[in-house]
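Comments concern the structure below.
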Amino acid sequence: MTEQAALDAWVPKFEAWKEEAVPQIMSGKAKEAFSRYPWFSEPGDPFKKLRKPARQARFGLVTTGGYSIEGEQEPFVPMPSFDDKTPELRTIPFDVDRSKLRIDHPGYDHRFAEQDINVNLPLDRLTELVQSGEIGTMSTDTQVLMGLVPNVVPLIRETIPTIVQRFVSDGVEAALLVPS
């Protein structure tokens, strides 16, 4: 089955779920609504083996932590979109002043990330890995999404290709995905 066929088969399941789930979510019953979410998957292995040692490779970072830079970027919209809207994407320079980062994502407990940003935006830990020679280099920019994207169609068709294009243009050979 192709990716397109898998998406075509998933859409009716999502639409049926959405009809019941959106009212539940809006009334504060998100846990109950998402317990029946029709997760998208397609056959095959999405992972590829790195063809060189990690210490020679360039890595890119993607987090679903919903970070933006205070005073420089618009905050993420705090509610998920259930339509065909393309998920918001922010680019954060790897060397950003950490004190300017703001968590816009309302869907997880921020306590641990506020104590140590490296919980879901491991900029300092990755810098240490580069400095110790365990990984080669890091992309100059981190790609940031909001973690709750119920309609995966625009994510797969638009957002992911945008991230891939940005990484390819920066010479990234492997992506690190950090969910929140």
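The values are calculated or read from the model by the stated rules, or taken from the named source; none is laboratory data. Being a predicted model, the structure only gives us computed values, none of them experimental. Please note: Cβ atoms are built from the backbone with ideal geometry, for glycine as well, and neighbour counts cover all protein chains shown.
Condition (residue is assigned by TED's automatic domain parsing to the domain that holds Leu123, touching a helix residue (DSSP H, G or I) at 6+ places or on another chain (Cβ under 8 Å), free of Cβ contacts under 8 Å to residues at least 40 places away in the same chain and closer than 20 Å to Leu123 by Cα) applied to region 72-80: is it met by at least one residue?
yes
Please specify each residue of region 24-49 satisfying the condition of being surrounded by 11 or more Cβ atoms within 10 Å (Cβ to Cβ) and either in contact with a Ser or Thr (Cβ under 7 Å, 6 or more places away or on another chain) or part of a helix (DSSP H, G or I) (or both). Talk me through it step by step, then tell me what you get.
Narrowing region 24-49 to residues surrounded by 11 or more Cβ atoms within 10 Å (Cβ to Cβ): 24-26, 29-30, 32-34, 36-38, 40, 42.
Gln24, Ile25, Met26, Ala30, Glu32, Ala33, Phe34, listed by residue number.
Could you check, for region 104-124, whether at least one of its residues is under 24 Å from Pro38 (Cα atoms) and of a type in the set (A, V, I, L, M)?
For region 104-124, residues under 24 Å from Pro38 (Cα atoms) and of a type in the set (A, V, I, L, M): absent.
Listed here are the residues, each with its yes/no results for (1) farther than 30 Å from Asp95 by Cα; (2) of a type in the set (Asp, Glu).
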| position | (1), (2) |
| --- | --- |
| Ala16 | yes, no |
| Glu32 | yes, yes |
| Ser41 | yes, no |
| Gly65 | no, no |
| Pro75 | no, no |
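Checking Thr140 against (1) under 24 Å from Thr159 (Cα atoms); (2) buried (at least 17 other Cβ atoms within 10 Å of the Cβ), only one condition comes out false. Which one?
(2)
For residues that are among the polar types (S, T, N, Q) and at pLDDT 95 or above, scanning just region 28-59, find the one that is nearest to Asn151 (Cα to Cα). Before you say what the answer is, go through the steps one by one.
Here is the first cut: in region 28-59, the ones among the polar types (S, T, N, Q) are 35, 41, 56.
Restricting the remaining residues to those that are at pLDDT 95 or above gives 35, 56.
Values: Ser35: 15, Gln56: 36 Å.
Here the residue is Ser35.
State all residues of region 104-130 that are in contact with a helix residue (DSSP H, G or I) (Cβ under 8 Å, 6 or more places away or on another chain), free of Cβ contacts under 8 Å to residues at least 24 places away in the same chain and of a type in the set (A, V, I, L, M, F, W, C); if no residue qualifies, say none.
Phe112, Ile117, Val119
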